[in-house]
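Take a look at the structure set out below.
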Amino acid sequence: MIRPGLLLGVDDLDGLEAVVVDTRLALTGATGRERYDAGHVPGAAYLDVDDDLAAPPGLGGRHPLPDTAAFVAAVRRAGIWRGSRVVVYDDGPGTAAARLWWLLRDSGHDDVLVLDGGLAAWTAAGRPVSTEPVVPEPGDWDGTPGRLPVVDAGQARAVARDGVLLDVRAAERFRGEHEPIDPVAGHIPGAINAPLSGNTDQLGRFLPDDELRRRFEVLRVADGVATAAYCGSGVTATQTLLALRLAGFYDAALYPGSWSGWIADPTRPVATGR
């Protein structure tokens with residue numbers, strides 16, 4: 001069932017007039033582009049998280065929000081027009097697809113949907129994949145960022161103190177027991193661990209809205225309570241922001257720098273353990 005501006009299922013894509021975009025991201029093994037080339041939803045274009053949906057790494061973290069002009073150029077290259085309905089997907093749990101979903105909505109394009117379960121759900125349903133490259137006619141899309149809430153490091157610290165700051169990384173990274181990517185282990189003091197794996201089922205499909213709401217209420221999320229989410233670099237946290245919207249919490253903010261941006265300043269405090 002299509003949930004406007006949020007999700008659609010595999011069957012909902014049948015006959016739907018939409019621009020489909022593959023945003024698969026791989027931290028190890030084959031690159032996202034290589035995975036796309038090996039098989040994608042027929043007709044889907046490809047946008048790369050590192051090259052198209054983020055600025056170069058720096059003090060803003062490993063995946064800062066992209067330069068506006070560069071993002072506009074990438075979106076047009078994917079064949080997106082001002083009036084396009086856009087469907088985005090990744091390998092399954094929405095961790096990369098939600099980044100493009102968030103960026104488009106932040107720039108004023110509301111008709112964008114994440115394919116629930118991504119390519120895993122697509123193939124599980126017996127749908128075919130294609131290895132044919134897709135080079136769409138360039139679109140005319142344009143947008144200006146700033147529609148969705150974000151917080152900087154200082155504001156994230158305030159949310160951790162006065163509201164709910166969700167750290168969506170795996171528990172062992174939150175506790176500082178294992179850090180495979182960033183040079184410092186731990187979490188922002190006062191943050192609450194909410195591993196993003198808890199938002200989806202084994203196939204990477206989002207849990208029912210009421211289950212998501214109960215999950216976030218246990219984590220102290222409530223209407224009127226300042227809420228923000230972060231991850232390692234600001235990409236996968238957008239999946240939790242999508243889950244929060246599905247649960248009926250619409251005002252949660254993204255900390256774009258996330259953990260990699262937080263530790264770029266060695267004077268900022270680091271917590272470990274629970």
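Look at region 128-157: where a residue is in the same structural domain as Gly118 (by TED's automatic domain parsing), no partner that is exposed (fewer than 10 other Cβ atoms within 10 Å of the Cβ) and part of a loop (DSSP other than H, G, I, E, B) sits 6+ places away or on another chain with Cβ atoms under 7 Å.
Filter region 138-174 down to residues that are of a type in the set (Val, Ile, Thr) and out of contact with any Cys (no Cβ under 8 Å at 6 or more places or on another chain) and give me whichever is surrounded by the most Cβ atoms within 10 Å (Cβ to Cβ). Here the residue is Val159. When region 125-162 is filtered for residues that are under 26 Å from Gly92 (Cβ atoms) and of a type in the set (S, T, N, Q), the ones remaining, listed by number, are Ser130, Thr131. Within region 19-52, the set of residues being touching a Leu at 6+ places or on another chain (Cβ under 8 Å) and of a type in the set (A, V, I, L, M, F, W, C) comprises Val20, Val21, Val41, Leu47, Val49.
Hey, does region 137-151 have a residue that's closer than 25 Å to Ile181 by Cα and not basic (Lys, Arg)? Yes, because at least one residue in region 137-151 is closer than 25 Å to Ile181 by Cα and not basic (Lys, Arg).
Checking each residue in region 102-144 for being among the hydrophobic types (A, V, I, L, M, F, W, C), out of contact with any strand residue (DSSP E or B) (no Cβ under 8 Å at 6 or more places or on another chain) and part of a helix (DSSP H, G or I) picks out Leu103, Ala120, Ala124. Looking only at region 202-240, how many residues end up being touching a residue at least 60 places away in the same chain (Cβ under 8 Å) and part of a loop (DSSP other than H, G, I, E, B)? Within region 202-240, residues that are touching a residue at least 60 places away in the same chain (Cβ under 8 Å) and part of a loop (DSSP other than H, G, I, E, B) number 11.
Scanning region 1-47 for residues that are within 16 Å of the chain's Cα centre (by Cα), without any contact (Cβ under 8 Å) to a residue 40 or more places away in the chain and surrounded by fewer than 13 Cβ atoms within 10 Å (Cβ to Cβ) yields a count of 0.
Residues in region 49-86 that are of a type in the set (A, V, I, L, M, F, W, C), in contact (Cβ under 8 Å) with a residue 24 or more places away in the chain and under 25 Å from Gly29 (Cβ atoms): Val49, Leu53, Ala54, Ala74, Ala78.
Being of a type in the set (Asp, Glu) and over 22 Å from Pro256 (Cα atoms) is the filter; apply it to region 92-137 and report the residue that is surrounded by the most Cβ atoms within 10 Å (Cβ to Cβ).
Per the criteria, the residue is Asp116.
The values are calculated or read from the model by the stated rules, or taken from the named source; none is laboratory data. None of these values were measured; they are calculated from a predicted model. Don't worry about glycine lacking a Cβ; one is built from the backbone with ideal geometry, like all the others, and counts go over all protein chains shown.
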